[in-house]
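Enquirer: Here it is, the structure, as structure tokens.
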Amino acid sequence: MTGNNSDAPVVIRIKDVKKQYRLGTIGGGTLKGDLQSWWARLRHKEDPNLKIGQEGHVRNEKFMALDGISLDVHKGEAIGLIGSNGAGKSTLLKLLSRVTAPTEGTIKIKGKISSMLEVGTGFHGELTGRENIYLNGAILGMSRSEVTEKIEDIIEFSECRQFIDTPVKRYSSGMFVKLAFSVAAHLDNDIMLMDEVLAVGDMAFQKKCIDKMLSVVRESGKTIIYVSHNMQTIRQLCSRGVVLQKGKIVYDGEVEHAIGLYLNQAKMQAAKSYEFDGSKRGWNFLTEKVLMERLDVLEREDMVVRDGENLRFRLKWTAKEDIKELHLRMMIHNNDQAVVATAVCPAFMECRKGEVYERDFTMNVEALCTGTYKVLMVLYESDELGSVIDADAVWPGLIFERDKTSVLDWKPRLFGDVELPEIE
């Protein structure tokens, strides 16, 4: 499955690209130090220039940051690059920015590129904000008069007018990213590369940047390649998701599926039985007065809950202490790992130390829209004053799919994860 807009021309073509790095120290800083290190390696001795606690790498040890990726990017696309740390996202942006060259393969680019690989890339600390705007314009091949035409819009958008004639080395990280983004968004470029650039600015400015990037794509047809671990901004901005894993592209297509794959919410994880061991725990502030051991889903052929169906399950636990009132809380998380709903069993259960209990529960999830959900399951106790104390918790206690029929083409991206009953 791909997310290409085949009607638009290709502006970036990546073909069989590999990027390999050699691990270890490149140089010791002095000719004497380099010769000492070389002579030690030659004799299989410890490097005398290594710091205490520092380990030397095996000679010629290699690391493949990108391993044969191919990708076509079309004009006007907003692509979200998704993946864990070390997947190769930033390396790919550096190759596109020509900061470094691929070890193998070819990259063809049509148009001017502006890149923000980190806060203040291309800025000179001793120059003022105004001077850095002209510097960045010159780097992009623009004349002074072309930059002058747009400089007022850049300054206004950046919200840094009061400090625009101050050296940027005195800017806060937030001011830095505001000015850097404003320059990248307003100057004459065809392709924008951004790596976590919205992680520094405040929430109001992040929304302002998202709106600006959306208008850039829709009105001017610019192409955006955006790297972020914030799935909400990926969802808002991007029309196509590319998932990288260990230097390879494992998915290229619809954004929601890409996010689900990245967050390990694939359908094959849903199961009808769960054994709870130590790896399922990690919740803080548990009294451990009870220990959940197993959950079995009842009366189901699969883990897809359709309209008119409930989730019935049997929970097994062991009491480690006497508890007068024990309750169950099911906290349902969506693809963004955010809590979207919670179900509670109000009936209390009395437990005796050392005894094993099994009980059947029924949970109604009809209000949830179509999607994959994980459940944080908590057994907790309450007292006469209404205080709630968590006794045991498992994550995930349950994974299920919801397949909902709706009168509206329900999109969680627009409407949320919970669909309320029809208005009467």
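Enquirer: State all residues of region 381-418 that are within 30 Å of the chain's Cα centre (by Cα), among the small types (G, A, S) and part of a loop (DSSP other than H, G, I, E, B); if no residue qualifies, say none.
Expert: Listed by number, the residues that qualify are S406, G416.
Enquirer: What residue, among those in region 403-424 that are out of contact with any Asp or Glu (no Cβ under 6 Å at 6 or more places or on another chain) and of a type in the set (V, I, T), is nearest to M349 (Cα to Cα)?
Expert: Looking at the filtered set, the residue picked out is V418.
Residues checked against (1) under 20 Å from G111 (Cα atoms); (2) of a type in the set (V, I, T):
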position	(1), (2)
I164	no, yes
M175	no, no
S182	yes, no
D188	yes, no
D211	no, no
V217	yes, yes
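Enquirer: Of all residues in region 335-361, how many are among the small types (G, A, S), over 19 Å from V418 (Cβ atoms) and not in a loop (DSSP other than H, G, I, E, B)? Spell out how you get there, then give the answer.
Expert: First, pick out the residues of region 335-361 that are among the small types (G, A, S): 338, 341, 343, 347, 354.
From what's left, over 19 Å from V418 (Cβ atoms): 347, 354.
The next check asks that each one be not in a loop (DSSP other than H, G, I, E, B); those that pass are 347.
Count: 1.
Enquirer: Moving on to the next point. In contact with a strand residue (DSSP E or B) (Cβ under 8 Å, 6 or more places away or on another chain), within 24 Å of C238 (Cβ to Cβ) and either open to solvent by 20 Å² or more (accessible area, probe 1.4 Å) or modelled with pLDDT of 85 or more (or both): does that describe G80?
Expert: When the stated conditions are applied, G80 passes them.
Enquirer: Further question: Within the bounds of region 362-371, is there any residue that is buried (at least 16 other Cβ atoms within 10 Å of the Cβ), at pLDDT 85 or above and assigned to a strand (DSSP E or B)? If you could, list the steps in order and put the result at the bottom.
Expert: At the first step, the residues of region 362-371 found to be buried (at least 16 other Cβ atoms within 10 Å of the Cβ) are 363, 365, 368-371.
Those still in the list that are at pLDDT 85 or above too: 363, 365, 368-370.
Then drop every residue that is not assigned to a strand (DSSP E or B), which leaves 363, 368.
Yes, that holds for at least one residue.
Enquirer: Filter region 103-113 for residues that are in a strand (DSSP E or B) and either within 25 Å of the chain's Cα centre (by Cα) or not acidic (D, E) (or both) and give the result. Walk me through how you get there before you give the answer.
Expert: The first filter runs over region 103-113 and keeps only residues in a strand (DSSP E or B), leaving 104-109, 113.
Result: G105, T106, I107, K108, I109, I113.
Enquirer: Restrict the check to region 154-166 and report whether at least one residue is open to solvent by less than 50 Å² (accessible area, probe 1.4 Å), over 30 Å from V243 (Cβ atoms), not β-branched (V, I, T) and not in a loop (DSSP other than H, G, I, E, B).
Expert: yes
Enquirer: If you don't mind, another one. Of the conditions (1) touching a Leu at 6+ places or on another chain (Cβ under 6 Å); (2) open to solvent by 70 Å² or more (accessible area, probe 1.4 Å), R312 satisfies every one except a single condition; which number is it?
Expert: Every condition holds for R312 apart from (2).
Enquirer: Where the second residue is of a type in the set (D, E) and the first is closer than 10 Å to G129 by Cβ and lies in region 147-167, which pairs have Cβ atoms under 8 Å and are six or more apart or on separate chains?
Expert: Sorted first by the residue in region 147-167, then by its partner, the pairs are P167/E126.
Enquirer: Is at least one residue of region 407-418 of a type outside the set (D, E, K, R), touching a helix residue (DSSP H, G or I) at 6+ places or on another chain (Cβ under 8 Å) and surrounded by 11 or more Cβ atoms within 10 Å (Cβ to Cβ)? Lay out the reasoning, then the answer.
Expert: Kept after step one, since they are of a type outside the set (D, E, K, R), are these residues of region 407-418: 407-408, 410, 412, 414-416, 418.
Subsequent filtering for residues that are touching a helix residue (DSSP H, G or I) at 6+ places or on another chain (Cβ under 8 Å) retains 408, 412.
Now restrict to residues that are surrounded by 11 or more Cβ atoms within 10 Å (Cβ to Cβ): 412.
So far as region 407-418 goes, yes, one or more of its residues are of a type outside the set (D, E, K, R), touching a helix residue (DSSP H, G or I) at 6+ places or on another chain (Cβ under 8 Å) and surrounded by 11 or more Cβ atoms within 10 Å (Cβ to Cβ).
Enquirer: Determine the pairs where a residue that is without any contact (Cβ under 8 Å) to a residue 60 or more places away in the chain, located within region 63-76, has a partner that is of a type outside the set (K, R) and in a strand (DSSP E or B) with Cβ atoms under 8 Å apart, the partner being 6 or more residues away or on another chain.
Expert: Note: pairs meeting the criteria are F63/Q20; F63/Y21.
Enquirer: Let me ask something additional. Given the residues S143, S90, S172, which is the only one that is at negative phi and touching a residue at least 60 places away in the same chain (Cβ under 8 Å)?
Expert: Only one candidate qualifies: S90.
Enquirer: To continue, here is another question. Test of understanding: among A319, A341, which residue is at pLDDT 90 or above, more than 30 Å from H229 (Cβ to Cβ) and surrounded by 12 or more Cβ atoms within 10 Å (Cβ to Cβ)?
Expert: On inspection, the qualifying residue turns out to be A319.
Each row is one residue, and each column tells you yes or no for (1) of a type in the set (G, A, S); (2) more than 17 Å from V217 (Cα to Cα); (3) outside any strand (DSSP E or B).
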{"site": "S145", "(1), (2), (3)": "yes, yes, yes"}
{"site": "K169", "(1), (2), (3)": "no, yes, yes"}
{"site": "V183", "(1), (2), (3)": "no, no, yes"}
{"site": "L193", "(1), (2), (3)": "no, no, no"}
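Enquirer: For residues that are crowded, with 17+ Cβ neighbours inside 10 Å and small (G, A, S), scanning just region 123-151, find the one that is modelled with the lowest pLDDT.
Expert: Out of the qualifying residues, it is G137.
Enquirer: Here's a follow-up. Assess whether R329 counts as being charged (D, E, K, R), open to solvent by 60 Å² or more (accessible area, probe 1.4 Å) and either modelled with pLDDT under 85 or assigned to a strand (DSSP E or B) (or both).
Expert: Criteria not met by R329.
Enquirer: Now a separate question. Any residue at all in region 382-402 that is over 20 Å from F348 (Cα atoms), free of Cβ contacts under 8 Å to residues at least 60 places away in the same chain and open to solvent by 80 Å² or more (accessible area, probe 1.4 Å)?
Expert: no
Enquirer: Looking at (1) at positive phi; (2) open to solvent by less than 20 Å² (accessible area, probe 1.4 Å), find the lone condition where G354 falls short.
Expert: (2)
The values are calculated or read from the model by the stated rules, or taken from the named source; none is laboratory data. Computed from a predicted model, the values in this text were never measured in an experiment. We place every Cβ from the backbone using ideal geometry, glycine too, and count neighbours over all the protein chains shown. When the accessible area is computed, the model is the full protein with side chains, heavy atoms only, and any ligands, DNA or RNA have been set aside. Shrake-Rupley method; radii C 1.70, N 1.55, O 1.52, S 1.80 Å.
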